[in-house]
Amino acid sequence: MSQVTIQIGGRSFDVVCQEGEENFLHAAAAMLDEEAQKLNGVGSRITESRMLLMAGLLLADRTAATEEKLAGVDKNVFSKATNSEIMDHANQLEVKLRAAEAELAVVKAQSSESIEDKSNLIETNSLRRERDDAVATLRQIVDKFKLVANS
C-alpha cells in the first residue's frame, strides 16, 4: 500500500492506494479538484463535505452522460463477424488501398509532366521574348544605318 497526499478544492487529503496506482489516483484527484475549484469560485462558503459531495456528483453526472453516449455506439463492429469475414474485409481494404496508391502515383506522374510542360513553355516563351528583343534591336540598327547612308 502507498500513501499519497492529494489536493482537492485547496485542501490536502492523505489517502492510501495500491502500489502502482498512484498516477491514477492523482489523475482522479485532479478531475475532482477541477470540479471543486469551480464550486469554490462561485463565492459561497460551503463545507468541505458538501464541496466534495457536489464535485463528486458533477463528475458522476458527466460519467453517466458519457456512458449513455457510448451505449449507443457499436463498440466492436466485428464482434459478430467470423475470422474469415474479417480477413475478407481486410483483403478488400488492402485491394482498395493498392488501387488508391496506384491512382496517386498516376496523378503524381501527370502533375510532374505538367510541371515539366509548363517549365518548357516558360523557357520557350522566354526564348521568344529574347529573339523578339534581338530582332527589334537589329531593326533599329538597320534603320539607323539607312538614315546615315541616306544623309
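Test residue 105 against the criterion of being over 38 Å from the mean Cα position of the chain (by Cα), at pLDDT below 85 and surrounded by 10 or more Cβ atoms within 10 Å (Cβ to Cβ), and give yes or no.
On the way: over 38 Å from the mean Cα position of the chain (by Cα): no; at pLDDT below 85: yes; surrounded by 10 or more Cβ atoms within 10 Å (Cβ to Cβ): yes.
Taking the combined requirement at face value, the residue does not satisfy it.
Has segment 78-87 got any residue that is at pLDDT below 75, outside the structural domain of residue 9 (by TED's automatic domain parsing), basic (Lys, Arg) and not in a helix (DSSP H, G or I)?
Taking every residue of segment 78-87 in turn, at least one turns out to be at pLDDT below 75, outside the structural domain of residue 9 (by TED's automatic domain parsing), basic (Lys, Arg) and not in a helix (DSSP H, G or I).
Does residue 61 satisfy the criteria of being under 33 Å from the mean Cα position of the chain (by Cα) and loosely packed, with under 15 Cβ neighbours inside 10 Å?
On the way: under 33 Å from the mean Cα position of the chain (by Cα): yes; loosely packed, with under 15 Cβ neighbours inside 10 Å: yes.
So residue 61 passes the test.
Do we find a residue being among the hydrophobic types (A, V, I, L, M, F, W, C), loosely packed, with under 13 Cβ neighbours inside 10 Å and in contact with a strand residue (DSSP E or B) (Cβ under 7 Å, 6 or more places away or on another chain) anywhere in segment 3-11?
To start, the set of residues in segment 3-11 that are among the hydrophobic types (A, V, I, L, M, F, W, C) comprises 4, 6, 8.
The next check asks that each one be loosely packed, with under 13 Cβ neighbours inside 10 Å; those that pass are none.
Within segment 3-11 (the criterion being among the hydrophobic types (A, V, I, L, M, F, W, C), loosely packed, with under 13 Cβ neighbours inside 10 Å and in contact with a strand residue (DSSP E or B) (Cβ under 7 Å, 6 or more places away or on another chain)), the answer is no, since none of the residues qualifies.
Test each condition in (1) in a helix (DSSP H, G or I); (2) at pLDDT 85 or above for residue 39 and report the one that comes out false.
Unmet condition: (2).
For segment 58-69, indicate whether the set of residues that are among the small types (Gly, Ala, Ser), at pLDDT 75 or above and not assigned by TED's automatic domain parsing to the domain that holds residue 34 is non-empty.
No, segment 58-69 contains no residue that is among the small types (Gly, Ala, Ser), at pLDDT 75 or above and not assigned by TED's automatic domain parsing to the domain that holds residue 34.
The values are calculated or read from the model by the stated rules, or taken from the named source; none is laboratory data. Given the structure is predicted, the values throughout are model-derived calculations rather than measurements. Heads up, the Cβs are rebuilt from the backbone with ideal geometry, glycines too, and the neighbour counts pull from every protein chain shown.
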